[in-house]
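The structure appears right after this line, and notes come after that.
Every number in this text was worked out from the coordinates using simple rules, so none of it is lab data. Only a predicted model underlies this, so the values are computations on that prediction, with no experimental measurement involved. Reconstructed Cβ throughout: ideal geometry from the backbone, glycine too, with neighbour counts over all protein chains shown.
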Protein chains: 2
Amino acid sequence: MLSSGSCSFQDHILGLFSNSAEAEANYAAARQRLLAALANWRNQTANSLSPDPDSSSPTNLLDYFEQLERTVIRNSADLASPLCMGHMSGIYPRFMALIGELILSLNQNLVKREASPVLTQVELETLAALHRLIYNQTSGFYLRHVQDHASTLGLVTSGGTLGNLTALWIARNLSFMPRHDFPGIEAAGMTRALEHYGYESAVIVGSRLMHYSMEKAAALLGLGTQNVLLLPVDRDNRLETSALQDCISDCATHRKRIIAVLGIAGTTECGSIDPLQTIAEIARAGNIFFHVDAAWGGPLLFSQQHRRLLSGIEQADSVVLDGHKQMYLPVAASALLLRDPTAARAIEKHSHYMLQEGSGDLGRRSLEGSRNGAALFFHAALRLIGEQGYGFLMEENLRKSRIMAELVRMRPEFELLSESQTNILLYRGLPLALRGRRMSPFSSEEHAVINAFNERLQKQQSQAGRTFVSRTTIALGNASPAAPLVALRAVITNPLLQQHHMQSVLEDQVSIMAELENQADRETSGCFAVHPVR
Amino acid sequence: MLSSGSCSFQDHILGLFSNSAEAEANYAAARQRLLAALANWRNQTANSLSPDPDSSSPTNLLDYFEQLERTVIRNSADLASPLCMGHMSGIYPRFMALIGELILSLNQNLVKREASPVLTQVELETLAALHRLIYNQTSGFYLRHVQDHASTLGLVTSGGTLGNLTALWIARNLSFMPRHDFPGIEAAGMTRALEHYGYESAVIVGSRLMHYSMEKAAALLGLGTQNVLLLPVDRDNRLETSALQDCISDCATHRKRIIAVLGIAGTTECGSIDPLQTIAEIARAGNIFFHVDAAWGGPLLFSQQHRRLLSGIEQADSVVLDGHKQMYLPVAASALLLRDPTAARAIEKHSHYMLQEGSGDLGRRSLEGSRNGAALFFHAALRLIGEQGYGFLMEENLRKSRIMAELVRMRPEFELLSESQTNILLYRGLPLALRGRRMSPFSSEEHAVINAFNERLQKQQSQAGRTFVSRTTIALGNASPAAPLVALRAVITNPLLQQHHMQSVLEDQVSIMAELENQADRETSGCFAVHPVR
């Protein structure tokens, strides 16, 4: 049948899908080339891809891989290097590559059981293990809810943004459930929900250091970004709980429905952890949904030594953990955990061709539709690293973070801006003329000079590509947000990171600062002098 | 430094991240085991995973893989088999495994350029190629917009649901843009937007065969699922455009703002394609955003012979294509294409630590945050399969679909319910007593009997696991939706599928039907008799 109209081109195309001996040999050769190229992966002179990929006829496999080697592989960012200290993800244990190969080979689709009979079960069991990490229910609880199609202990999502969005979607729906003749916000929409329940608006409340995905979620969910109420933080960058109490009173007065109070277990900017216990008590007193964004800090729960930092998280209605951050999974795999196994029914959907009621298809209660078996990354990690292994890794990260803080503090070229509770450090370089001034505060003019200096420093460092830290703009602690500082942001999370790497990063920055000063000297403007000529 | 407090356990954990000779050998052995297990992959007796993964201490790599072999690998669904004809994804060309290995190895994060300097560019160029497939602008257009950080030709998303959601998010925001003192719906939320613009509600309009992700999007975006207006279809399961015109008039009368009119290029249920040209004209006349869900049928554009089926798609404001369906990518990679490169500014977000304005970071205008380099799957496919290769594959799918329809029609055991315009076929098995009745219509009682029969047939077939088609419930054409039929759904998309596979699937079903009749005979109820005893 397939021979009708076939020719060598058509055989070639069909050959791409087959396991013939010839295809195998070609494949093996391409894989060898790929592995060799990855082994030699270095940042070299960029070769841009052709801007307009000519897709009119197939290209030879080896030719294509040769092109990828010259372009993609050589010029990608080496995020797994210990000298690359600015990202929250990058390195993963080597076994993850095998798990990735397995997920790809099986190519199951977690949207329905028929297309993922085992991996659906793996996801349910893995979520139960993560749920236990946070909520520590009985074995009976987990046995029951893993088997019960009506229950949802959590969801694996393609990243923390989707996890946070799903949590707030559930929270929104639980705030405006069906009642009397009102069919619920999911069916009737935001406007009728507010009208029926008698509110002016629906809001999300949390620290002003919340991740920008909350703003995105508020926009998507029809609340509007203006209805994300950003509260001040204390000098340790933790939510001011008195402000939270005031805000809740204020919302009641003004008929604003708080759909969720947010706690942050590891802010993206500086790693600070909100007082979750107190927030939990306030939320419970107000009968408000409590969501914890533990994308960064969640794995501290594995450490017997540090898990007290997250006390109160077990009272959260929902928690997001990022696998690709401190669980060392590939980008991007996250998990949303739900304290109440019935909560996700508030977002349940059905379709005719699948997801029939009672089917146990995971797609009934997920934001995403088709999804691969990323749960297996979590499963393997929990087995092969294990709770004890993660505990050790988290303890090391915090220990090394203190060392890095000390290294910064010891050098006059730098100023430590925030000694993190966890393992994200903010600091900045100081222009020559402003060093050794730690006892007398900088003027706002001086801050502006230092800001410009650090922006150039980080850009130059990033371009040079020898070492890396990221850059943020932050009003620290209870400082006025009107005077934000440009900060260098070091993320201490690579298990292979050692003290000499930290020193190399700082020395690289010192040498770039010297270059910047020289450039400034050569320019008449002297832009890093104390009083810039304007 | 790392030696402080180290012991063999800690060395083991750190060893998971390193490339030592010992780790390499262990890794190579595990990979061999994995490949052998995949090669022997068969559906065998299920071995359930332990319900409660003991994660307190690390497990040996080979032991873990041995467990995966017994559980996950042996019992996963073989979606790439030509006998598995019910899913929309499954098989992919072998080179995709190499691309997957590369994406995983590089582990770039597409949310920002600093973490994906080359793959950001690859994504932009790949989206330009897909944009050209639909919109066919000049080379100058693509050169300009690929380079311009203010432009967005499209987005790669983790699946079509997120693509559709993003399109409708953009459409919603464009319907309620900032104006005078109103800051726009993104900032102010749904209620204030309706109030300011003077509407009662915001709605999405399209055929009742639209994918369930539209309902999900309407729920998420604050419209409410009741505000998805489902219009009737003609006898070929294509949107009734007269109903669309009536609906638009009705919405104007009742102050309903249509944020988007939907066209479907390949319904999930039966592969039908809406009259996109006519819908485009109606949408343009009404100044309404026109979104086309081409998740299934989009690749027909590659075929010179069939691309006319999608005429009018080039007038869509946005189009979703699923990579993991008929572009033969692994699950789940999709692309959203935007006709107007400025449209996505309506959802732009910033953050301090990245996504600074003008940065060119893709995360500024994506629903997702951290994402991997899935764009490389599309890039490789366009090079190694190419437009001509895809054209051939699509033509084969439609040709084989006609053969399958003929095979069903020839056998008295079956009734063909829908001869697809494309390559999804609906048919059903007939109980013995109801065969050979094609000229006289079935009573609704008889339909109910046939429905129950087909539900059991498909469940039994799925459980037996030798062959697979999916099952749906559908009111076909302009039939009353009050009398939906249970249908078997064959998806003809595997390039290795041949006529003998189709015959095997049908023969398997015939033998299962005989078993069901025997069972029914043994039961006094005779549940597949014409007049079921109640």
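The modelled label-to-label distance for the pair A:Arg307/B:Arg307, using points 7 Å beyond Cα in the direction of Cβ, is 5.9 nm.
With contacts taken as Cα pairs under 8 Å and at least 6 residues apart, region A:376-508 reaches a relative contact order of 25 percent. Using C-alpha pairs under 8 Å with a sequence gap of at least 6, the mean separation divided by the residue count of chain A gives a relative contact order of 17 percent. Over region B:209-324, Cα pairs under 8 Å with separation of 6+ residues give a relative contact order of 21 percent. Peptides A:153-161, A:176-184 ranked from most to least packed give A:153-161, A:176-184, packing being the mean of other C-beta atoms within 10 angstrom over each peptide's residues.
Counting, for every residue in A:262-270, the Cβ atoms of other protein chains within 10 Å of its Cβ and taking the mean gives 1.
Long hydrophobic helices in chain A: the complete DSSP H runs spanning 20 Å or more by Cα along their own axis with mean Kyte-Doolittle hydropathy of at least -0.5 are A:21-39, A:119-135, A:160-175, A:386-410. Sorted shortest first, the distances from the B:Arg307 label point to those of the same residue in the other copies are 5.9 nm; each point sits 7 Å from Cα along Cα-to-Cβ. If R0 equals 45 Å, the separation of the Cβ atoms of B:Arg437 and B:Asp246 corresponds to a calculated FRET efficiency of about 0.75. Under Stokes-Einstein, with the Kirkwood radius over Cα pairs as Rh, the value for the protein assembly as shown at 20 °C and 1.002 mPa s is 71 µm²/s.
With +1 on each Lys and Arg Cβ and -1 on each Asp and Glu Cβ, and nothing else charged, work out how big the dipole of region A:161-323 is about its Cα centre, in Debye to the nearest 20.
Working: 13 positive and 17 negative charges, 28 e Å.
I would put it at about 140 debye.
In terms of the Cα gyration tensor, with a ≥ b ≥ c the square roots of its eigenvalues, is region B:212-365 rounded because a/c is under 1.5, prolate because a/b exceeds b/c, or oblate?
Here region B:212-365 falls in the oblate category.
For A:Ser351, nonlocal amide neighbours, meaning residues 5 or more places apart or on other chains whose placed amide H falls under 5 Å from its own, are A:Gln356.
What does DSSP give for the protein assembly as shown in terms of the percent of beta bridges that are antiparallel, rounded to the nearest 5? Show your work: numbers first, answer last.
Details: 50 of 84 bridges.
Just about 60 percent of them are antiparallel.
Assuming 0.36 nm per residue, please report the length gained on full extension of the stretch A:Gln499 to A:Ser359 beyond their Cα-Cα distance. Fully extending the segment from A:Gln499 to A:Ser359 adds 45.1 nm. With r defined as the distance between the Cβ atoms of B:Arg144 and B:Gln460 and R0 fixed at 35 Å, what FRET efficiency is calculated, to the nearest 0.05? So, using R0 = 35 Å, E works out to roughly 0.05. All other residues whose Cβ lies under 10 angstrom from that of A:Gly160 are scored, Lys and Arg at +1 and Asp and Glu at -1, for a net of -2.
Using a 7 Å projection from Cα along Cα-to-Cβ, the label point at B:Asn60 is separated from the same position in the remaining copies by 4.5 nm, smallest value first. Between copies, the label points at B:Asp340 (set 7 angstrom from Cα along Cα-to-Cβ) are spaced 4.2 nm, reported in nanometres from shortest to longest. For the residue pairs A:Lys325/A:Lys459; A:Lys216/A:Lys349; A:Lys112/B:Lys216; A:Lys112/B:Lys349; A:Lys325/B:Lys325, the alpha carbons lie more than 26 Å apart in A:Lys112/B:Lys349; A:Lys325/B:Lys325.
With runs of 4+ DSSP H residues as the only contributors, calculate the mean residue ellipticity of chain A at 222 nm using -39,500 (n - 2.57) per run, divided by the residue total and rounded to the nearest 500. It would help to have the intermediate numbers written out before the result.
Numbers: 16 runs with 213 residues, N = 534.
Taking each H run of at least 4 residues, the total per residue is -12500 deg cm²/dmol.
Extending 7 Å from the Cα toward the beta-carbon at both A:Asp63 and B:Phe9 defines two label points whose distance is 5.6 nm. Charge tally for A:Ala295 (other residues, Cβ to Cβ under 12 Å; Lys, Arg +1; Asp, Glu -1): -1. Between B:Arg255 and B:Arg402, full extension at 0.36 nm per residue minus the direct alpha carbon distance yields a gain of 48.4 nm.
Using R₀ = 60 Å, calculate the FRET efficiency as 1/(1 + (r/R₀)^6) where r is the Cβ-Cβ separation of B:Arg409 and B:Arg70; round to 0.05. Computed FRET efficiency for B:Arg409 and B:Arg70: 0.85. Only Lys, Arg, Asp and Glu carry charge here, each on its Cβ (+1 for the first two, -1 for the last two); on that basis chain A has a dipole of about 720 debye about its Cα centre. Look at the dipole of the protein assembly as shown built from charges on Cβ: of A:Val111, B:Ser249, B:Ala218, the Cα furthest out on the positive end belongs to B:Ser249. About its Cα centre, the dipole of the protein assembly as shown is roughly 380 debye, where the only charges are +1 on Lys and Arg Cβ and -1 on Asp and Glu Cβ. Label-to-label distance for B:Asp521 and A:Asp236 is 7.9 nm, based on points extended 7 Å past Cα in the beta-carbon direction.
Nearest to the axis that brings chain A onto chain B is this chain A residue, judged by its Cβ, with the distance in whole Å: A:Gly222, 1.
Antiparallel as a % of all DSSP beta bridges within chain B, to the nearest 5? Let's see the in-between values first.
Numbers: 25 of 42 bridges.
Counting only bridges with both partners in chain B, antiparallel ones make up about 60 percent.
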